[in-house]
1. Within the stretch 424-433, can one find any residue that is under 23 Å from residue 490 (Cβ atoms) and modelled with pLDDT under 90?
2. Mind listing whichever residues of the stretch 216-251 are part of a helix (DSSP H, G or I), in contact with a strand residue (DSSP E or B) (Cβ under 9 Å, 6 or more places away or on another chain) and surrounded by fewer than 16 Cβ atoms within 10 Å (Cβ to Cβ)?
3. Here are the criteria: (1) at pLDDT below 90; (2) more than 25 Å from residue 331 (Cβ to Cβ); (3) in contact with a strand residue (DSSP E or B) (Cβ under 8 Å, 6 or more places away or on another chain). Tell me which single one residue 258 does not satisfy.
4. Of all residues in the stretch 486-512, how many are at pLDDT below 85, within 16 Å of residue 397 (Cα to Cα) and surrounded by 13 or more Cβ atoms within 10 Å (Cβ to Cβ)?
5. Considering only the stretch 434-449, I want to know if a residue exists there that is surrounded by 21 or more Cβ atoms within 10 Å (Cβ to Cβ), modelled with pLDDT of 90 or more and assigned to a strand (DSSP E or B).
6. For the structure I just gave you, tell me whether residue 483 is surrounded by 12 or more Cβ atoms within 10 Å (Cβ to Cβ) and either under 35 Å from the mean Cα position of the chain (by Cα) or at pLDDT 85 or above (or both).
7. Does any residue of the stretch 217-224 turn out to be closer than 29 Å to residue 351 by Cα and modelled with pLDDT under 85?
8. If you check residue 295 against the conditions, is it within 25 Å of the chain's Cα centre (by Cα), in the same structural domain as residue 235 (by TED's automatic domain parsing) and at pLDDT below 80?
């Protein structure tokens, strides 16, 4: 259009020049008028072009903006133009926006419903888990009471029996009791771990001391089965909870011996460049098939027991699950490598510990080699357990007094001029009393403090509740979990009496 206006201006100018002589006033005026007309025409043409272009571009810009909004998850709607092609585009964008909005609403509704269902399922699973933990805790406590009494009576019966036939029957009873003890121990461990009653107390641990304990626990068992148990000496220290690490190793060595018919078990240590320490437990047993190797650490999962030694103690499939959970508590990584018919190696990786520089030298102390002659007060509200302990400790040569509650315990002390050598109390007594309260009352009877009394103390319990176990931890009193084998009871009694007598000889750093 602008070119047309320019052409028209040129034509007018030519005609004007041709009609008027050069330099005439009429020529100048005419040219000015024509130029003004041309300028007006150009302005009109430009304005018209701008308006036409704006009307053409605006719908395209609106389409672009609408598509961008839809792309960002927003809803958009366009006014429909009269033009056929542009109108079809606008209607298509509107329909797409509505379809996407409906789809998004359906997805949000489905997601909300799924989230509610998932939260409900999680709540039910959590409630079921807590219910199972409470059931296991209650069952472990209530069922272990008669089992503990049975353990005491069978041990006392064997100690006083010389007839071979009767002794054989007693040994069979003890095997059954040991099997039940093993099953309940697995349940108790699971219950305590699931209720959060177990907490790691990390420290620098000398591995050789832990290895010595494991060796003592299983050397006789290995020899009775014609197997070799080799535990390598080491001067390595690790960072761990000593009790938990000992339980892990005890469990792994026990499993290794159970599934080994020939050869033996080797326990050794390797220090790694990464600063980690690796403990390996090798056995020459039947091995574990590849399809079972990852699942053996699951709860209640069991590989075939047809090759297990001592088939009466099959267990519940909780041993390695407990090992895994304990390992997590002490920041220990556990791995397994096994070849069927050739054996298995279990490996534990722990952080390296710092050797302790604290001196361990102490003055000589009269360490009892047995428990005979010890004055022992036993407090338990289960009459069967009291009678079982009375019979067993009498066979061991102890002077024993028994009581069912705190009042009876204080009355029983009247016949002794001095405090007893050892007080063994159940943790949970009737009338809401606890063994810690009884021990505190006995210490007060002699004008002593519970933290440093003049007598040794032991608590025995089947309890798994976190608050109860926290009470024990705060009191720093040694605890045994029912049912306690006679061997463990004797060892705990000796250790408690030894610790008490050692404490008397330790020098005091009194402030002056």
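1. Checked against the condition, which is being under 23 Å from residue 490 (Cβ atoms) and modelled with pLDDT under 90, the stretch 424-433 yields at least one hit.
2. Correct list: 219, 223.
3. Only one criterion is unmet by residue 258, namely (3).
4. 1
5. Looking for residues that are surrounded by 21 or more Cβ atoms within 10 Å (Cβ to Cβ), modelled with pLDDT of 90 or more and assigned to a strand (DSSP E or B), one finds none in the stretch 434-449, hence no.
6. yes
7. Yes, the stretch 217-224 contains a residue that is closer than 29 Å to residue 351 by Cα and modelled with pLDDT under 85.
8. yes
The values are calculated or read from the model by the stated rules, or taken from the named source; none is laboratory data. Since the model is a prediction, treat every value here as computed from it, not as a measurement. Positions of Cβ are generated from backbone atoms using ideal geometry, with glycine treated the same way; all protein chains shown enter the neighbour counts.
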